[in-house]
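The values are calculated or read from the model by the stated rules, or taken from the named source; none is laboratory data. Here the structure is a predicted model, which means the values were calculated and not measured. Reconstructed Cβ throughout: ideal geometry from the backbone, glycine too, with neighbour counts over all protein chains shown.
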Amino acid sequence: MSPAVPAAAGTPPTATPEASARTVSTPVAARAPAEERGRTEIADRVLEKIAAHALTEVVAAGGAARRVLGVPLGRTGERAAPQVAAQVDGGLAILRMTVSVAYPAPVREVTRRLRDHVTARVAALTGLQVRQVDIRVAQLTRPERNGRQVL
């Protein structure tokens, strides 16, 4: 067919109608479904961060300081960074968390709420099915108070 028209100095060349027709993209409706176009993998570390953030959303639950020979290193309580380990296998996730619980909150109730909340948040944000959430309560902490404390 006809070649591209030579351009004058300083102007871009014009394309032929045949060349333009070849660069038109496929309409969205004609594309294959997203599941068939590729795969999304969520790294263990990403899942750990999502679960750690979900842990901070539960009342009376908090992070636990790492320990060396039984001695805590760093902060504990609601402001401490949670310890979370995650393992992703296909569409399934397994989580292990080390937490603190604010005294005098009932430990079983707090861990039940924590397990339910983390499971729901991870499923909602990642689409993974959480098969198991192991929770280790490393310590009971006093709730942080503002002002004076009467003894």
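Numbers below:
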read-out: Residue match in segment 96-110 (condition: at pLDDT 90 or above and under 30 Å from Arg39 (Cα atoms)); value: yes
read-out: Only one of Arg67, Arg136 that is assigned to a strand (DSSP E or B), among the charged types (D, E, K, R) and modelled with pLDDT under 90; value: Arg67
read-out: Subset of segment 30-54 that is of a type in the set (Asp, Glu) and over 30 Å from Ala81 (Cβ atoms) - its residue that is nearest to the chain's Cα centre (by Cα); value: Glu35
read-out: Residue ID - surrounded by the fewest Cβ atoms within 10 Å (Cβ to Cβ), chosen from residues in segment 114-146 that are farther than 20 Å from Ala81 by Cβ and charged (D, E, K, R); value: Arg145
